[in-house]
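The structure under discussion appears below in the form of structure tokens.
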């Protein structure tokens, strides 16, 4: 069985019914300047109960494709943010 990826990030917006957009930030070292820089990527996450608001920090786990761009589902709400 393959390991499922887990991402953690900030909810940017509620995309539609049962969907949210999560912004994930990672830090990578620049190959030339040897300095850490931030890299961002947005993921569409399935929120079955529509319980998340913009500004919350959430964890999501990889699952089967639910739509064209949605391959993660909500696993837990880490911290409720300020909207």
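Every number here is computed from the coordinates shown, using simple stated rules; none is lab data. Keep in mind it's a predicted model, so treat the numbers as computed, not measured. We place every Cβ from the backbone using ideal geometry, glycine too, and count neighbours over all the protein chains shown.
Per-structure values
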item	result
Neighbour-count ranking [beta-carbon atoms within 10 angstrom, fewest first] of 30, 46	30, 46
Cα-based equivalent ellipsoid of the range 25-83: semi-axis lengths in Å, sorted from largest, via gyration tensor	27, 17, 9
Ranked 58, 28, 10, criterion: other C-beta atoms within 10 Å, fewest first	28, 10, 58
Added length on full extension, which subtracts the Cα-Cα distance from 0.36 nm per residue, residue 35 to residue 2	8.6 nm
Computed label-point distance, nm, for sites residue 14 and residue 51 using a 7 Å Cα→Cβ extension	1.5
Residues 62, 51 arranged by fewest to most Cβ contacts within 10 Å	51, 62
